[in-house]
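The values are calculated or read from the model by the stated rules, or taken from the named source; none is laboratory data. Please read all numbers here as calculations on a predicted model, not as lab measurements. Positions of Cβ are backbone-derived with ideal geometry, glycine not excepted, and every protein chain shown enters the neighbour counts. Accessible surface areas use protein heavy atoms only, side chains included; no ligands, DNA or RNA. Shrake-Rupley method; radii C 1.70, N 1.55, O 1.52, S 1.80 Å.
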Amino acid sequence: MKKVFLAIFLLGALTTMNAQEVVFGVKAGVNFSKFGQDADADGRTSLFIGGLADFTLNEKFHIQPELLYSSEGSEDIEANFIRVLGIGKYYPVEGFSLEAGPQFGIRVSADDAIEDSTKSFDFGLSFGAGYELTDIGLLFNLRYNAGIANLSDVDGFDTNLGTFQLGVGYKFY
């Protein structure tokens with residue numbers, strides 16, 4: 001796992017060294033999340049909020065690290081995470097982006113049942129699309145965070161966390 005973190009850090013450092021422009025911003029939105037695999041529960045609707053930095057590599061490619069506070073879970077089960085995302089963005093046309101990258105989560109609080117039976121570290125992949133109104137700094141995105149890590153601490157029981165996010169944000173140009 002340490003090698004994965006090191007590789008992602010080095011890739012991020014190398015790609016941002018050639019960045020032509022850095023823009024900071026904030027974003028917030030709605031989560032539609034659910035514990036999956038062996039956990040069979042209805043989804044949960046909640047919120048996320050955080051900040052971002054957009055590194056322009058060239059006209060078509062950007063790197064956008066994000067730091068989010070995200071409330072997730074299933075049905076009446078709440079788990080709150082600090083999420084770190086490393087999103088690569090490709091712009092096929094001006095304003096519209098396709099997004100993908102790794103995401104890491106550290107659980108900061110949860111219901112007792114979750115605290116006692118799950119791990120506090122999550123890892124997954126994020127992918128989606130976004131649209132930016134660059135003249136006013138407004139951005140919109142739809143993303144799916146697919147949990148890859150097995151969060152269960154219970155033998156013979158596997159669960160992960162999947163979350164759709166609908167977000168809006170503002171970049172400070």
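Only one of these is open to solvent by less than 10 Å² (accessible area, probe 1.4 Å) and either modelled with pLDDT of 95 or more or within 22 Å of I136 (Cα to Cα) (or both): L47, L68. Name it. Give the derivation first.
Details: L47 fails: open to solvent by less than 10 Å² (accessible area, probe 1.4 Å).
Of the residues listed, the single one that is open to solvent by less than 10 Å² (accessible area, probe 1.4 Å) and either modelled with pLDDT of 95 or more or within 22 Å of I136 (Cα to Cα) (or both) is L68.
Might you check whether a residue that is closer than 19 Å to G51 by Cβ and part of a strand (DSSP E or B) occurs anywhere in segment 107-114? First the steps, then the outcome.
Residues of segment 107-114 that are closer than 19 Å to G51 by Cβ, as a first pass: 108.
Still in the running and part of a strand (DSSP E or B): 108.
The answer is yes; a qualifying residue exists.
Any residue in segment 148-173 that is acidic (D, E) sitting within a Cβ distance under 6 Å of a residue that is open to solvent by 100 Å² or more (accessible area, probe 1.4 Å)? List the pairs, counting only those 6 or more apart or interchain.
Taking only residues 6 or more apart or on different chains, the pairs are D158/Q37.
I need the full set of residues from segment 129-143 which are at pLDDT 90 or above, open to solvent by 60 Å² or more (accessible area, probe 1.4 Å) and in contact with a strand residue (DSSP E or B) (Cβ under 9 Å, 6 or more places away or on another chain), in order please.
Filtering segment 129-143 down to residues at pLDDT 90 or above leaves 129-133, 135-143.
Narrowing further to those that are open to solvent by 60 Å² or more (accessible area, probe 1.4 Å): 131, 135-136, 140, 142.
Scanning segment 129-143 gives Y131, I136, F140, L142.
Looking only at segment 112-128, count how many residues are more than 19 Å from I82 (Cβ to Cβ), surrounded by 14 or more Cβ atoms within 10 Å (Cβ to Cβ) and not polar (S, T, N, Q). It would help to see each step written out before you state the result.
Step one: of segment 112-128, the residues more than 19 Å from I82 (Cβ to Cβ) are 112-113, 116-117, 127-128.
Subsequent filtering for residues that are surrounded by 14 or more Cβ atoms within 10 Å (Cβ to Cβ) retains 117, 127-128.
Keeping just the survivors that are not polar (S, T, N, Q) gives 127-128.
Total meeting the criteria: 2.
Restricting to segment 144-173, count the residues that are within 19 Å of R44 (Cα to Cα) and open to solvent by less than 20 Å² (accessible area, probe 1.4 Å).
10
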